[in-house]
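So the structure is just underneath, and the comments pick up after that.
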């Protein structure tokens, strides 16, 4: 109980501070979606960022000097997913590691007629009960070019939402039973369509890897190309809209992006 009280006290103190103008300049420059939010949404997102940046342990890797503005850029994209849902600032996540660009991990790779151990190029990872790892170059690419259907931060933090219930299965915590059943029905059917090669092409093939990757890929498209998602996969748009509680297609249409 005492630790929960201390946490709430710290958060209240942080939220009493003015939002760092340098952070906001960086977010406006690096996170195009932030500029699509109305004033109230921006203010609420800023409050999420203030807590998120301070509660997480941040490390720059391979010589990257990680600044507060860089942390705020990442936090703005991660917290956009939380804007309208019940959350505790990704409570199970403690550490965020940021590389200058892509990095390599040991893994099993094709080697002629057999599979051998080798170095795999990676842009980001979300470890179960572990850190999120990101390429800063690709954080910027995704934030500044919002309509390409790919965003590294959305992808990895969607995994963290998926992991919240202790199972990595592409189904985040949905407390309404009817909404849960509808979500599972729609996403399972669309995942099978993608695996069978019968999808529209909007949801990239990497989403066919497993249901967890499908949810992460669909989340990217829900925020990046929601108008196309609503047109080509209306039921996927519907269940993600109901989960995130954001009308991302209408938001883009109000801003004049009628084809994203």
Hits in the range 59-81 (condition: under 17 Å from the mean Cα position of the chain (by Cα) and either over 16 Å from residue 143 (Cβ atoms) or not in a helix (DSSP H, G or I) (or both)): 81
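Let's see how each residue does on (1) at pLDDT below 95; (2) surrounded by fewer than 22 Cβ atoms within 10 Å (Cβ to Cβ):
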{"residue": "68", "(1), (2)": "no, yes"}
{"residue": "81", "(1), (2)": "no, no"}
{"residue": "95", "(1), (2)": "no, yes"}
{"residue": "123", "(1), (2)": "yes, yes"}
{"residue": "126", "(1), (2)": "no, no"}
{"residue": "132", "(1), (2)": "no, no"}
{"residue": "145", "(1), (2)": "yes, yes"}
{"residue": "152", "(1), (2)": "no, no"}
{"residue": "160", "(1), (2)": "no, yes"}
Candidate set: the range 134-143, residues that are touching a residue at least 60 places away in the same chain (Cβ under 8 Å) and assigned to a helix (DSSP H, G or I); chosen: the one surrounded by the fewest Cβ atoms within 10 Å (Cβ to Cβ): 140
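Here's the yes/no breakdown for (1) surrounded by 10 or more Cβ atoms within 10 Å (Cβ to Cβ); (2) free of Cβ contacts under 8 Å to residues at least 24 places away in the same chain; (3) within 14 Å of residue 72 (Cβ to Cβ):
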| position | (1), (2), (3) |
| --- | --- |
| 17 | no, no, yes |
| 26 | yes, no, yes |
| 30 | yes, no, yes |
| 40 | no, yes, no |
| 46 | yes, no, yes |
| 49 | yes, no, yes |
Condition met for residue 163 (in a helix (DSSP H, G or I) and more than 17 Å from the chain's Cα centre (by Cα)): no
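The values are calculated or read from the model by the stated rules, or taken from the named source; none is laboratory data. All values reported here derive from a predicted model rather than from experimental measurement. Every residue, glycine among them, receives a Cβ derived from its backbone with ideal geometry; neighbour counts consider all protein chains shown.
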